[in-house]
Amino acid sequence: MYDLTNFTIQDMTQCGDALEHLGYKAKNLEELADSIVRYFYEHLIDKRTGVKSSALVRFFMTYPYESLEETLRQLANNIAGERSLTKSTCCLVLLATTGQKPEWNVREFSKGHRVIPLVDKQTAEQHPMIAQLVYQLGIDMNNVLNPHPTPEIELESKIFNVFHVPDALGSPHIPAQNEFVIPFGIKSALGFGSMLPTGNLFTVVIFSKTRVPGNTAEMFKYLALNARMAVLPFVSKKIYINEKAVLDETERLRSIIATQTSLLSVYKKTAVRQSRRLEGFSWKFTLSLAKFTKKAWLYLSLSTASSFFLYVFYTTHIEFMLHVAAIPLEVLLGALLIERLLERKEKAEKFNKLMYIKSYLYRSEMRDLFITNFSSLKFPVITMSKIKNASLEELKQMRSGADHLEYFSLDAMELVIGEYVSAYQVFRDFMDRASTYGIDSLFQDMIYILHFIQDVKLFRQANPDKPFIYEAQEHPFLMEKAKKVLGDGTQKFLDYMIELKEKKPDLFYDLLNDYELSSHRMTPIMSKR
């Protein structure tokens with residue numbers, strides 16, 4: 001049994017082995033798919049209550065329209081409506097399903113997911129969960145809709161990943177909120193899958209009633225390789241256009257070897273990462289133990305002295321001994337209080353250092369980013385002069401109004417995104433300092449921004465003449481990510497200004513004066529519109 005809230009490397013290994021053994025026992029792909037969904041439904045539990053943590057588990061695979069049985073073709077035609085389906089139209093087919101409602105255990109009873117024709121990119125993106133799933137798996141939607149041969153090395157290095165929606169409630173990626181998410185208490189969605197050498201994409205999706213943390217989702221990415229090993233023997237017909245129809249044994253063996261190599265690499269990296277974590281924990285524990293041991297003689301001596309004088313008091317009834325016995329305890333209490341005060345002082349010093357570091361980085365390395373960002377905003381109207389001259393209450397109102405941003409144009413957003421890319425190293429520095437000072441929230445924020453910047457860099461390398469924001473406009477989930485990064489950046493800046501205004505007013509005015517002068521020197525973006 002596995003608990004998604006505390007999924008260990010041992011669980012990952014055991015679960016991966018089980019998936020491969022299911023492949024040995026199955027007679028065909030449908031039987032394998034059914035075994036996989038039932039395995040996860042039965043073995044994922046909430047260890048606090050002992051009940052199943054999954055509400056629904058499903059297995060999907062893509063097929064071309066021409067390979068579907070007649071019943072599925074009719075369903076696909078009905079769903080497509082006026083749009084015509086060709087022989088090569090990609091269709092996402094539900095191969096297996098199991099869940100807490102009786103009708104969820106029979107795929108023929110599925111109302112809207114038994115087969116989903118994906119006529120084109122726009123049609124696919126009308127299904128938010130599918131679009132997000134493909135995006136998070138790291139596969140280009142065009143490769144799903146129009147499979148084509150890919151060099152084995154390139155294919156095998158990119159074909160496994162994880163789909164993760166940590167908070168299902170209110171997520172745009174799981175649209176059935178009132179019908180499914182809310183009534184069945186769905187906390188998270190977790191999926192893993194792979195693009196096969198035949199051109200098919202398969203994925204297993206788990207809807208969990210317990211929240212799935214990011215580290216668990218990361219380990220499920222590796223289970224995609226085990227599932228791939230189980231699925232490979234049951235797929236042989238290629239769905240590439242103008243390609244030979246059968247996957248020969250040499251190609252199959254090559255794919256199996258590549259998958260096994262990836263698995264070995266994955267386990268090696270995971271083991272190294274876990275070893276480093278254990279070493280880090282061991283080092284911190286050793287330091288704490290050493291710190292305590294250095295003072296243990298003092299605690300022991302004072303406690304022993306106090307006990308001795310108490311013993312003398314009880315045997316002699318000399319009241320003076322009672323007062324003497326209290327002295328070591330008072331010294332001990334004083335030592336503990338001083339230690340706590342020193343720790344608080346050290347924490348305050350670290351806070352001040354971080355505050356000045358942020359001030360330096362904001363002023364020297366991120367000046368253009370914030371000036372460009374505020375100049376690009378249509379709503380709310382924010383300027384450096386307005387921030388500098390605002391009262392604390394006005395600053396807080398300004399921060400409240402920054403929950404929703406509206407830019408003058410997509411090109412204006414692209415300029416801001418470009419400044420984020422230029423400031424890549426600054427965010428790396430922030431991440432390192434957040435790790436050093438143990439600020440988990442800041443560390444997670446920096447990871448998110450760095451991932452976004454990396455996405456932009458990769459896109460620009462492949463499409464040097466196309467602005468990233470126009471690509472994001474075609475993908476709602478990508479645009480959502482861009483808006484989140486830009487929105488969070490605006491809000492964090494205003495949060496920091498409020499913090500400076502309250503605690504370091506001199507630093508606040510010094511920083512804003514510099515920004516104000518710089519904003520006057522820069523050519524305003526708004527004047528170009």
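At R0 = 30 Å, how high is the FRET efficiency between Glu20 and Ala176 if r is their beta carbon distance? Nearest 0.05 is fine. Mind showing how you got there, number by number?
Details: r = 33 Å, r/R0 = 1.09.
Given R0 = 30 Å and the Cβ-Cβ separation, E is 0.35.
For His164, His323, give me the order by solvent-accessible area with a 1.4 Å probe, most accessible first, ignoring ligands, DNA and RNA. Don't skip to the end; give the middle numbers.
Numbers: His164 35, His323 115 Å².
Ranked from most to least accessible, the order is His323, His164.
Quick one: which of 469-479, 200-210 comes out on top by average Cβ neighbours within 10 Å, and what's the full order, highest first? Numbers along the way, then the final one.
Numbers: 469-479: 17.0, 200-210: 23.3.
The peptides rank, most packed first, as 200-210, 469-479.
Given R₀ = 35 Å, FRET efficiency for Asp506-Ser441 by Cβ-Cβ distance, to 0.05?
Values: r = 27 Å, r/R0 = 0.77.
Between Asp506 and Ser441 the formula returns 0.85.
What do you reckon, how do Met497, Met129, Met1 stack up by accessible area (1.4 Å probe), largest on top? Please list the in-between numbers first.
Working: Met497 0, Met129 35, Met1 115 Å².
Putting Met497, Met129, Met1 in descending order of accessible area: Met1, Met129, Met497.
Please compute the Kirkwood hydrodynamic radius of segment 371-482 from all pairs of different C-alpha atoms, in Å with one decimal. Let's see the in-between values first.
Numbers: mean 1/r = 0.0635 Å⁻¹.
Across segment 371-482, the inverse of the average 1/r is 15.8 Å.
Skip the ligands, DNA and RNA, and give the accessible area per residue of segment 1-100 with a 1.4 Å probe, whole Å². Please list the in-between numbers first.
Values: 4790 Å² over 100 residues.
That works out to 48 Å² per residue.
Between Asp432 and Val51, what length comes free when the chain is fully extended (0.36 nm per residue of separation minus the Cα-Cα distance, one decimal in nm)? Don't skip to the end; give the middle numbers.
Details: separation 381, 0.36 × 381 = 137.16 nm, distance 4.03 nm.
The Asp432-Val51 span can extend by a further 133.1 nm.
Largest first, what is the accessible-area ranking of Lys87, Lys388 with a 1.4 Å probe? Working shown, then result.
Working: Lys87 145, Lys388 35 Å².
Largest accessible area first, the residues go Lys87, Lys388.
Modelled label-to-label distance, Lys483 and Asn463, 7 Å Cα→beta-carbon offset: nm?
With each label point 7 Å from Cα toward Cβ, the separation is 1.9 nm.
Hey, which of these cross-link pairs are over 29 Å Cα-Cα: Lys386/Lys484; Lys187/Lys501; Lys47/Lys483; Lys87/Lys187? Walk me through the intermediate numbers first.
On the way: Lys386/Lys484 24 Å; Lys187/Lys501 39 Å; Lys47/Lys483 38 Å; Lys87/Lys187 39 Å.
Lys187/Lys501; Lys47/Lys483; Lys87/Lys187, as the Cα separations exceed 29 Å there.
Full extension from Val381 to Leu450: what is 0.36 nm times the residue separation minus their Cα-Cα distance, to one decimal in nm? Walk me through the numbers on the way to the answer.
Values: separation 69, 0.36 × 69 = 24.84 nm, distance 2.73 nm.
My answer for the length gained is 22.1 nm.
Sticking to Cα atoms, compute the Rg of segment 12-58 to one decimal and its Dmax as the biggest Cα-Cα distance, whole number, in Å.
Here Rg and the maximum Cα pair distance are 11.7, 37 Å.
For Ile453, what accessible area in Å² do you get when you roll a 1.4 Å probe over the heavy atoms of the protein chains, rounding to the nearest 10?
Rounded to the nearest 10, the figure is 0 Å².
Express the carbon and sulfur contribution to the solvent-accessible surface of segment 28-89 as a percent, rounded to the nearest whole number, probe 1.4 angstrom. Write out the running numbers ahead of the final one.
Numbers: 1420 of 3150 Å².
So the carbon and sulfur contribution to the accessible surface is 45 percent.
The values are calculated or read from the model by the stated rules, or taken from the named source; none is laboratory data. Predicted model only: the values in this text are computed from it and were never measured. Here the Cβ is made from the backbone with ideal geometry for all residues, glycine too, and neighbour counts use every protein chain on show. We work out accessible area using only protein heavy atoms, side chains counted, and drop any ligands, DNA or RNA first. Shrake-Rupley method; radii C 1.70, N 1.55, O 1.52, S 1.80 Å.
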